Amino acid sequence: MEDIHSILVNILSNVLWLPVGVLLAYVGFWIQIRFPNRRLWQLQDPSRLVVCAASSTTTNTGVYRRPSTGIGQVRALIVATRSLTRAYRRQLDIQNILLSNEPLQERIEHDLLLLGGPENNEVAGKLLDLLANEQPARMIGHMILWRIDYRGDQWVDQGALEYEGHAINRKVVMDYGLIVRVDNPFTSRHRTAILFAGSHTYGTIAAAKFFTEDLHKHLGKLTAHGKKNLVVLVSAHIVNGYPTKMNLERSYAW
């Protein structure tokens, strides 16, 4: 009889502790995964996120010219989507994926994820132009400029540090990636714009990879005193098209 009583007590105890365990697991998931990723992305309406990728190449099909994006932008989007799913899961709806030569129209006022630099992504160029006096990074062709002189309420190009990817035997072996996360300057509403760009295509992958995997280590310092907007320059060694040994070269927040 005592054995039966002991078994019943154990069963009842397990039943009572099950929801507690589920709750603790859910809280742990929020603390360790969801919250850190949301803090990273800062999207306001992930269900309407607009992805704008660079129009890197154009293929002549014989009937029309078909624009397409580069391998760096595709891989960067894959990396970004994994992190976005951890952050927003059911709220996320990545259907608005456009090339930069397609008109965004009112969609430019949504949360934006821009892939590729100004050379092939017009929207990225417009974003950096609007931010020219607010932060030190600029892009000219394959060159990323990091300005260090601020005079007369504006950043000065003279004396800027120059960062450009390096190739050996026509293979990129070293590249640089640029990360920008700001309040969307194309709208008065509270929305976020994020840019992943590179000196070459692999720098774009490096930017997305560093943002999703390593930036959280630096967020506390960067966003101290209520700062939200940030720009980060990273370097990466490229091995068979894959960014390795990434390093934070420069950073600025405002």
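The values are calculated or read from the model by the stated rules, or taken from the named source; none is laboratory data. Every value quoted in this text rests on a predicted model; they were computed, and no experiment measured them. Please note: Cβ atoms are built from the backbone with ideal geometry, for glycine as well, and neighbour counts cover all protein chains shown. Areas reflect the complete protein model, heavy atoms only, side chains present, ligands, DNA and RNA absent. Shrake-Rupley method; radii C 1.70, N 1.55, O 1.52, S 1.80 Å.
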Is it the case that segment 213-231 has a residue that's in contact with a helix residue (DSSP H, G or I) (Cβ under 6 Å, 6 or more places away or on another chain) and closer than 23 Å to GLY125 by Cβ?
-> yes
Might you check whether a residue that is open to solvent by less than 10 Å² (accessible area, probe 1.4 Å), touching a Pro at 6+ places or on another chain (Cβ under 9 Å) and touching a residue at least 24 places away in the same chain (Cβ under 8 Å) occurs anywhere in segment 169-186?
-> yes
Check every one of the strands (runs of 3 or more DSSP E) wholly within segment 129-205 and list those with 1 or more residues that are β-branched (Val, Ile, Thr) and under 30 Å from SER47 (Cβ atoms).
-> 171-183, 192-198
Mind checking whether some residue in segment 116-125 is in contact with a strand residue (DSSP E or B) (Cβ under 9 Å, 6 or more places away or on another chain), aliphatic (A, V, I, L, M) and open to solvent by less than 50 Å² (accessible area, probe 1.4 Å)?
-> yes
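Residue-by-condition table, conditions (1) of a type outside the set (Val, Ile, Thr); (2) free of Cβ contacts under 8 Å to residues at least 12 places away in the same chain:
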| site | (1), (2) |
| --- | --- |
| ALA124 | yes, no |
| LEU127 | yes, no |
| ALA132 | yes, no |
| MET139 | yes, no |
| ILE144 | no, no |
| GLY152 | yes, yes |
Residues (open to solvent by 40 Å² or more (accessible area, probe 1.4 Å) and under 20 Å from ASP175 (Cβ atoms)) located in segment 71-102 | ILE71, VAL74, ARG75, ILE78
Hey, could you check segment 187-209 for residues that are of a type in the set (Ser, Thr, Tyr) and surrounded by fewer than 17 Cβ atoms within 10 Å (Cβ to Cβ) and say which is farthest from the chain's Cα centre (by Cα)?
-> SER188
From (1) out of contact with any Phe, Trp or Tyr (no Cβ under 7 Å at 6 or more places or on another chain); (2) over 23 Å from TYR202 (Cβ atoms); (3) in contact (Cβ under 8 Å) with a residue 24 or more places away in the chain, pick out the condition that doesn't hold for GLY116.
-> (2)
Among the residues of segment 225-238, write down those that are touching a residue at least 12 places away in the same chain (Cβ under 8 Å) and open to solvent by 30 Å² or more (accessible area, probe 1.4 Å).
-> LYS227, LYS228, HIS237
Meets criteria (part of a helix (DSSP H, G or I), open to solvent by 30 Å² or more (accessible area, probe 1.4 Å) and within 24 Å of THR85 (Cα to Cα)) for LYS217 = yes
Would segment 103-110 turn up any residue that is modelled with pLDDT of 95 or more, within 20 Å of LEU40 (Cβ to Cβ) and either open to solvent by 70 Å² or more (accessible area, probe 1.4 Å) or within 14 Å of the chain's Cα centre (by Cα) (or both)?
-> no
Select from segment 119-178 the residues that are more than 17 Å from GLU249 (Cα to Cα) and among the polar types (S, T, N, Q) and list them in ascending order.
-> ASN120, ASN121, ASN133, GLN154, GLN158, ASN169
